[in-house]
1. Residue 92 - would you say it is free of Cβ contacts under 8 Å to residues at least 40 places away in the same chain, surrounded by 17 or more Cβ atoms within 10 Å (Cβ to Cβ) and under 17 Å from residue 32 (Cβ atoms)?
2. Answer with yes or no whether residue 74 is over 12 Å from residue 1 (Cβ atoms), in contact with a strand residue (DSSP E or B) (Cβ under 7 Å, 6 or more places away or on another chain) and outside any strand (DSSP E or B).
């Protein structure tokens, strides 16, 4: 899975990019059929917002986290998307045709 990372209203440096890739790069272990991932980092005044949009078969999953620190927002985002992926995988497993 390749992740597109974009920044709005601030410059994305390599340290932030590598932290985001390290923190969110292993979400494949929760669900291995992710087809597309887009991470949008936004700065508004003194707050950072991290938004992740994942494309999985038949659905798009989205998580959003906001904090004063960008790394904390990325950590919160990672926790949210991991929970969503686990729940989605469980739904697929328990689905009866």
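1. Numbers: free of Cβ contacts under 8 Å to residues at least 40 places away in the same chain: yes; surrounded by 17 or more Cβ atoms within 10 Å (Cβ to Cβ): no; under 17 Å from residue 32 (Cβ atoms): yes.
When the stated conditions are applied, residue 92 does not pass them.
2. Yes, satisfied.
Where a number appears in this text, it was derived from the coordinates with a stated rule and is not lab data. Note that this is a predicted model, so its numbers are computed, not measured. Quick reminder, even Gly has a Cβ in these numbers, built from the backbone with ideal geometry, and neighbours come from all protein chains shown.
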